[in-house]
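The values are calculated or read from the model by the stated rules, or taken from the named source; none is laboratory data. These numbers come from a predicted model, not from an experiment. Positions of Cβ are backbone-derived with ideal geometry, glycine not excepted, and every protein chain shown enters the neighbour counts. Quick note on the areas: whole protein, heavy atoms, side chains included, nothing else; ligands and nucleic acids left out. Shrake-Rupley method; radii C 1.70, N 1.55, O 1.52, S 1.80 Å.
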Amino acid sequence: QVQLVESGGGVVQAGGSLRLSCAASGGTFTNYAMGWFRQAPGKEREFVAAISWSGGSTYYADSVKGRFTISRDNAKNTVYLQMNSLKPEDTAVYYCAARRGRGPLTNWAIVDYWGQGTQVTVSS
C-alpha cells in the first residue's frame, strides 16, 4: 500500500553533513509515525530517530542526539533526516520506516512499511 523511497545518501567526509529524504506514496502519510533506522555491515539494524504523525514529537537514539534532526513535511509526503557532524561510525544503510497510529515513538516493535534504504558513507 504505502511505498517509501529514500534518497540523499552518498559519501561525505567526517564532520560533514548530509540530508536524507524519504518520500511516501500510496497511503495517508499524515496518519503514520515515521522513523529512520540504519544498518552497518555485520551489525543489526538499529533505531536512529522517529517523529510523530503531526511532527510535534521526536525521539532520537543517544548515538545521534544533538547531531541529527528528523522532520517531516506532510504537504510533500516527505520525512527528512538532517545529519550533521557525521562520524565514520555513522556509515550504514539508512532505512525509512512507517508505523500506523499515535503510540509512543519509542515503540517500533511493529513497523508497517520499510523503504529500500540509502547508503551513507562517512570517510575519515
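Numbers for the structure displayed
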{"quantity": "Residues of region 62-75 satisfying the condition of being of a type outside the set (S, T, N, Q) and either in contact with a helix residue (DSSP H, G or I) (Cβ under 9 Å, 6 or more places away or on another chain) or surrounded by 16 or more Cβ atoms within 10 Å (Cβ to Cβ) (or both)", "calculated": "VAL64, ARG67, PHE68, ILE70, ARG72"}
{"quantity": "Subset of region 38-51 (residues that are open to solvent by less than 20 Å² (accessible area, probe 1.4 Å) and either in contact with an Asp or Glu (Cβ under 7 Å, 6 or more places away or on another chain) or of a type in the set (Asp, Glu) (or both))", "calculated": "ARG38"}
{"quantity": "Lone qualifier among THR78, THR58, THR91 - being more than 22 Å from GLN116 (Cβ to Cβ) and among the β-branched types (Val, Ile, Thr)", "calculated": "THR58"}
{"quantity": "Residue tally, condition in contact with a Phe, Trp or Tyr (Cβ under 7 Å, 6 or more places away or on another chain) and of a type outside the set (Gly, Ala, Ser), over region 113-124", "calculated": "3"}
{"quantity": "Matching residues in region 52-61 - criterion: being surrounded by fewer than 20 Cβ atoms within 10 Å (Cβ to Cβ) and at pLDDT below 95", "calculated": "SER52, SER54, GLY55, GLY56, SER57"}
{"quantity": "Of all residues making up region 50-99, the number that are among the charged types (D, E, K, R), touching a strand residue (DSSP E or B) at 6+ places or on another chain (Cβ under 6 Å) and in a strand (DSSP E or B)", "calculated": "2"}
